[in-house]
Amino acid sequence: MTGITALRAQLALMYREIVKFGAVGGAGLLVNFGVYNLLRHLTGLQTVRASVLATLVSIVFNYVGFRYFTYRDRDREGRAREMALFLAFSCVGLVIENGILYVATYGFHWDSTLQSNIFKFLGVGLATLFRFWSYRTWVFRVAPAKRAMAETVEEAESLLAEGTEGGARSAR
């Protein structure tokens with residue numbers, strides 16, 4: 001039972017993390033699409049250039065949201081390293097997102113407002129999967145003290161479970 005309890009606790013934590021990531025990401029998505037459509041219609045910028053600028057604005061917005069909301073309990077050591085990794089992985093996401101838009105726009109000539117927004121949305125979706133994995137794995141890591149505490153708690157729970165099982169056996 002201890003393994004199942006530990007798995008449930010880990011899934012609950014992962015669920016909360018996904019919900020928080022989604023909340024920040026959803027707000028970032030609104031920023032991204034808002035800036036993109038404003039730039040596209042008010043400035044006359046080309047589709048992909050407007051999208052790259054909008055993505056950059058949303059990257060800054062998302063960093064603040066992830067650092068101070070989604071991953072506020074994570075390791076705060078090495079902030080320069082964290083920001084550098086965040087920027088690097090965000091740029092990979094930018095290439096994924098805008099690469100799909102580029103191919104649709106210049107490869108297939110799908111450049112209407114609706115088509116551009118659809119392919120930008122698809123690009124954002126794929127880039128989001130990559131970003132979630134990379135941010136939680138490399139950028140916003142669990143603090144060493146929290147990791148050690150979680151391992152200690154797991155060990156204590158398993159010892160208690162073994163003790164309970166042993167006590168139940170000896171009573172028989």
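Residues that are charged (D, E, K, R) and modelled with pLDDT of 95 or more within the range 43-99 comprise 49, 97, listed in sequence order.
Within the range 90-110, the residues that satisfy the criterion of being loosely packed, with under 14 Cβ neighbours inside 10 Å and in a loop (DSSP other than H, G, I, E, B) are 108, 109.
Quick one: residue 15 ticks every box in (1) loosely packed, with under 14 Cβ neighbours inside 10 Å; (2) not in a helix (DSSP H, G or I) except a single one, so which number is it? Result: residue 15 fails condition (2) only. In the range 132-146, the residue that is modelled with the lowest pLDDT out of those that are under 10 Å from residue 75 (Cα atoms) and assigned to a helix (DSSP H, G or I) is 146. Please indicate, with yes or no, whether at least one residue in the range 57-80 is assigned to a helix (DSSP H, G or I), within 23 Å of residue 103 (Cα to Cα) and open to solvent by 60 Å² or more (accessible area, probe 1.4 Å). The answer is yes, given that some residue of the range 57-80 is assigned to a helix (DSSP H, G or I), within 23 Å of residue 103 (Cα to Cα) and open to solvent by 60 Å² or more (accessible area, probe 1.4 Å).
The values are calculated or read from the model by the stated rules, or taken from the named source; none is laboratory data. Since the model is a prediction, treat every value here as computed from it, not as a measurement. All Cβ positions, even for glycine, are placed from backbone atoms using ideal geometry, and neighbour counts span all protein chains on display. For the accessible areas, the whole protein counts, side chains as well, though only heavy atoms, and no ligand, DNA or RNA atoms are used. Shrake-Rupley method; radii C 1.70, N 1.55, O 1.52, S 1.80 Å.
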